[in-house]
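Here is the structure we will look at, set down as structure tokens.
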Amino acid sequence: MLYQALNFLDKHLSFNEAKAHCDVPCGVYDPIPAQIAAMSAIRMVDTITDLEKHEEQDHGGKRDAHYNNKITRMINEKEKEAEKVKHEIRIIWGDFFKAPQFEQFPEIHTLTHEIMLLGSKTKQNIDREAAVALLNKVNDFAEIFYKVKNISTKKVTYHCKPNLEMVFPDL
Amino acid sequence: MLRIVRVKGQSMSPQYNCGDFLVLATRFKIKVGQCIVFVHPNYDLMVKQVVSIQPIRVKGINIQSVTEEEMGNIELGWIRGKVIFHIKKGLND
């Protein structure tokens with residue numbers, strides 16, 4: 001009865017809502033997808049470079065429909081993975097990091113912007129140096145992320161090509 | 001002074017569920033374990049449980065809650081009251 005009375009009053013007085021807040025997707029933030037995407041972007045740069053070499057050496061640079069099919073798919077994949085890096089990092093920077101974390105790690109803004117720029121450069125060019133720099137910056141970002149969560153980290157050689165170093169939580 | 005708010009969300013479930021009413025005391029001394037309502041600059045009006053006083057840190061009860069780290073230290077000026085009475089939403093309400 002008391003609830004019904006309050007409910008009635010609420011309809012007329014509009015009590016404030018205290019959010020027992022659940023942030024979709026319920027606080028599930030993780031830099032791993034960004035790190036894997038950066039690794040994949042480097043792999044695509046390598047496969048494009050290898051395809052070009054193979055085309056010149058073994059097919060006299062003919063570049064037929066088979067070549068066009070392969071190169072198109074590889075470029076599309078590079079584009080997609082580099083964009084995924086930017087998207088995942090943007091979400092963590094925009095939704096997970098708050099004022100207290102920005103005070104603790106002010107370098108996170110510059111780092112995020114650098115990742116955005118390197119992500120674009122990786123999309124625009126076939127540039128292994130830029131793609132590796134992107135992965136390195138995403139690893140730096142991951143280290144800060146885990147520091148916020150008080151989780152220690154370790155550096156591990158990733159088990160897939162191009163077998164470069166990744167920062168993982170040491171759980 | 002007293003104030004009434006309505007719970008929205010599940011991060012304090014099963015203690016407080018969505019739709020429940022909370023009666024707040026606006027003048028009180030903060031203690032660990034109390035449930036307080038405060039205005040967070042990033043999350044607006046929230047209800048959470050106090051886990052420490054210096055600094056003031058809070059947490060949700062439910063695993064789905066925004067984390068303590070995400071909310072950071074709570075400023076005294078953000079606090080609107082302490083929960084002193086809870087009116088649960090019934091099955092038929």
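Could you check how many residues of the stretch A:129-155 are touching a Ser or Thr at 6+ places or on another chain (Cβ under 8 Å), closer than 13 Å to A:D30 by Cα and crowded, with 22+ Cβ neighbours inside 10 Å?
Residues meeting the conditions: 2.
Yes or no, residue by residue, for (1) more than 10 Å from chain A (Cβ to nearest Cβ); (2) under 20 Å from A:Q101 (Cβ atoms); (3) in contact with a strand residue (DSSP E or B) (Cβ under 9 Å, 6 or more places away or on another chain); (4) surrounded by 22 or more Cβ atoms within 10 Å (Cβ to Cβ):
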position	(1), (2), (3), (4)
B:K31	yes, no, yes, no
B:Q34	yes, no, yes, no
B:H40	no, yes, yes, no
B:L45	no, no, yes, no
B:K48	no, yes, yes, yes
B:I53	yes, no, no, no
B:I61	no, no, yes, no
B:E68	yes, yes, yes, no
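Could you check the stretch A:95-114 and list, in sequence order, the residues that are more than 14 Å from A:E143 (Cα to Cα) and polar (S, T, N, Q)?
A:T110
Could you check B:I74 against (1) within 25 Å of A:L6 (Cα to Cα); (2) more than 7 Å from chain A (Cβ to nearest Cβ); (3) modelled with pLDDT of 90 or more and say which number it fails?
Result: B:I74 fails condition (1) only.
Taking the options A:E81, A:E103, name whichever one is free of Cβ contacts under 8 Å to residues at least 60 places away in the same chain, in contact with a helix residue (DSSP H, G or I) (Cβ under 7 Å, 6 or more places away or on another chain) and acidic (D, E). Step through it out loud before you land on a result.
Details: A:E103 fails: in contact with a helix residue (DSSP H, G or I) (Cβ under 7 Å, 6 or more places away or on another chain).
Only one candidate qualifies: A:E81.
Going through the stretch A:120-142 one residue at a time, which ones are touching a residue at least 60 places away in the same chain (Cβ under 8 Å), assigned to a helix (DSSP H, G or I), more than 19 Å from A:K155 (Cα to Cα) and not polar (S, T, N, Q)?
Residues of the stretch A:120-142 touching a residue at least 60 places away in the same chain (Cβ under 8 Å): A:122, A:126-128, A:131-132, A:134-135, A:138-139, A:141-142.
Narrowing the set further to residues that are assigned to a helix (DSSP H, G or I) leaves A:122, A:128, A:131-132, A:134-135, A:138-139, A:141-142.
Still in the running and more than 19 Å from A:K155 (Cα to Cα): A:122, A:128.
A:R128, the sole residue that qualifies.
Quick test of your reading of the structure: A:I115 fulfils all but one of (1) in contact (Cβ under 8 Å) with a residue 24 or more places away in the chain; (2) more than 18 Å from the chain's Cα centre (by Cα). Name the failing condition by number.
Going through (1) in contact (Cβ under 8 Å) with a residue 24 or more places away in the chain; (2) more than 18 Å from the chain's Cα centre (by Cα) one by one, A:I115 breaks only (2).
Step by step: first the residues of the stretch A:87-100, then only those that are in contact (Cβ under 8 Å) with a residue 60 or more places away in the chain and surrounded by 15 or more Cβ atoms within 10 Å (Cβ to Cβ), then the one that is nearest to A:I36 (Cα to Cα). Which residue is that? Break it down into steps so the answer makes sense when it comes.
Step one: filter the stretch A:87-100 for residues in contact (Cβ under 8 Å) with a residue 60 or more places away in the chain, giving A:91-92, A:95-96.
Now restrict to residues that are surrounded by 15 or more Cβ atoms within 10 Å (Cβ to Cβ): A:92, A:95-96.
Details: A:I92: 15, A:D95: 20, A:F96: 19 Å.
Taking the candidates together, the pick is A:I92.
What's the number of the condition A:Q4 fails, among (1) away from chain B (no Cβ under 14 Å); (2) within 30 Å of B:Y43 (Cα to Cα)?
Of (1) away from chain B (no Cβ under 14 Å); (2) within 30 Å of B:Y43 (Cα to Cα), only one is false for A:Q4: (1).
Checking A:F145 against (1) assigned to a helix (DSSP H, G or I); (2) away from chain B (no Cβ under 14 Å), which test does it fail?
(2)
Output the number of residues of the stretch B:57-77 satisfying the condition of being in a loop (DSSP other than H, G, I, E, B), of a type in the set (A, V, I, L, M) and within 13 Å of the chain's Cα centre (by Cα).
The initial filter retains those residues of the stretch B:57-77 that are in a loop (DSSP other than H, G, I, E, B), namely B:60-67, B:72-75.
Restricting the remaining residues to those that are of a type in the set (A, V, I, L, M) gives B:61, B:63, B:66, B:74.
Filter once more, so that each one left must be within 13 Å of the chain's Cα centre (by Cα): B:61, B:66, B:74.
Number satisfying all stated conditions: 3.
When only residues in the stretch B:4-27 that are buried (at least 23 other Cβ atoms within 10 Å of the Cβ) and in a loop (DSSP other than H, G, I, E, B) count, which is farthest from the other protein chains (Cβ to nearest Cβ)?
B:D20
The values are calculated or read from the model by the stated rules, or taken from the named source; none is laboratory data. For clarity, every value in this text was computed on a predicted model and none was experimentally measured. Glycine also receives a Cβ, built like all others from the backbone with ideal geometry; neighbour counts cover every protein chain displayed.
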